[in-house]
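Below: one structure, written as structure tokens.
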Amino acid sequence: MAAGLVPTLALAVMCLWNSPAAADFRLCNNTSSRVGIALGYKDAEGWTTEGWWNVSSRSCETLLRGTLVARYYYIYALDYDRGGEWSGQAFMCSRDKEFTIKGTENCLARGFDRTGFFEVDTGEQRAWTVQLTDSNEQTPQRLPGLPAPTPGGMPDQGGMPPSPGATPPAVSGLPPATPGRKP
């Protein structure tokens with residue numbers, strides 16, 4: 001794609017939730033566009049990717065409810081109105097329609113797309129919120145005291161390196177929710 005056609009998107013600093021009652025993985029869309037969100041995570045059963053949550057401009061959505069069980073979560077987001085995406089080099093399975101996919105291997109052979117997600121390092125917090133912003137609205141920052149993302153290889157090795165040349169995303173996340181999902 002031509003660089004002029006795709007808006008430069010950045011991920012802003014995430015906010016930690018300190019309230020013991022609100023232990024969720026959330027995503028806030030602080031852009032002027034509607035966005036579609038896919039989420040990848042590892043639980044006791046292995047790797048899962050889920051999508052799509054449709055998040056309106058200037059609103060938040062809870063992607064996962066309850067206390068977070070992992071340190072790393074993975075996000076892929078599409079800007080529906082202006083084009084562009086938030087992506088990375090953590091390759092996982094997805095598809096155009098609503099999905100829940102177990103496993104990250106052989107995506108194409110299993111009839112799915114192979115999509116690059118960006119890593120969210122929650123630092124093992126109980127709750128996390130990811131803030132999506134346009135690059136002209138806010139530049140990415142890190143919260144003091146949060147560890148840097150861990151470079152790694154495959155998802156089962158604990159981490160993924162950021163995309164070369166891409167603005168590193170700030171950390172935060174959301175669990176899948178049925179309301180707001182893309183048909």
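The values are calculated or read from the model by the stated rules, or taken from the named source; none is laboratory data. Quantities reported herein were computed from a predicted structural model and do not represent experimental measurements. Positions of Cβ are backbone-derived with ideal geometry, glycine not excepted, and every protein chain shown enters the neighbour counts.
Answer yes or no: is there a residue in the range 72-94 that is more than 24 Å from residue 135 (Cα to Cα) and in contact with a helix residue (DSSP H, G or I) (Cβ under 8 Å, 6 or more places away or on another chain). Checked against the condition, which is being more than 24 Å from residue 135 (Cα to Cα) and in contact with a helix residue (DSSP H, G or I) (Cβ under 8 Å, 6 or more places away or on another chain), the range 72-94 yields at least one hit. Note on the range 92-119: residues that are without any contact (Cβ under 8 Å) to a residue 40 or more places away in the chain and in a strand (DSSP E or B) amount to 2.
On the given criteria, is residue 160 at pLDDT below 50 and within 17 Å of the chain's Cα centre (by Cα)?
yes
For beta carbons closer than 9 Å, sequence separation of 6+ or different chains, a first residue in the range 71-90 that is over 14 Å from residue 37 (Cα atoms) and a second that is charged (D, E, K, R) and in a strand (DSSP E or B), the qualifying pairs are 71/121; 72/42; 72/119; 72/121; 82/134; 89/119; 90/119.
When residue 47 is tested against (1) at pLDDT 95 or above; (2) over 16 Å from the mean Cα position of the chain (by Cα), just one condition goes unmet, and that condition is (2).
Taking (1) loosely packed, with under 13 Cβ neighbours inside 10 Å; (2) assigned to a loop (DSSP other than H, G, I, E, B); (3) modelled with pLDDT of 95 or more in turn, residue 88 satisfies each apart from (1).
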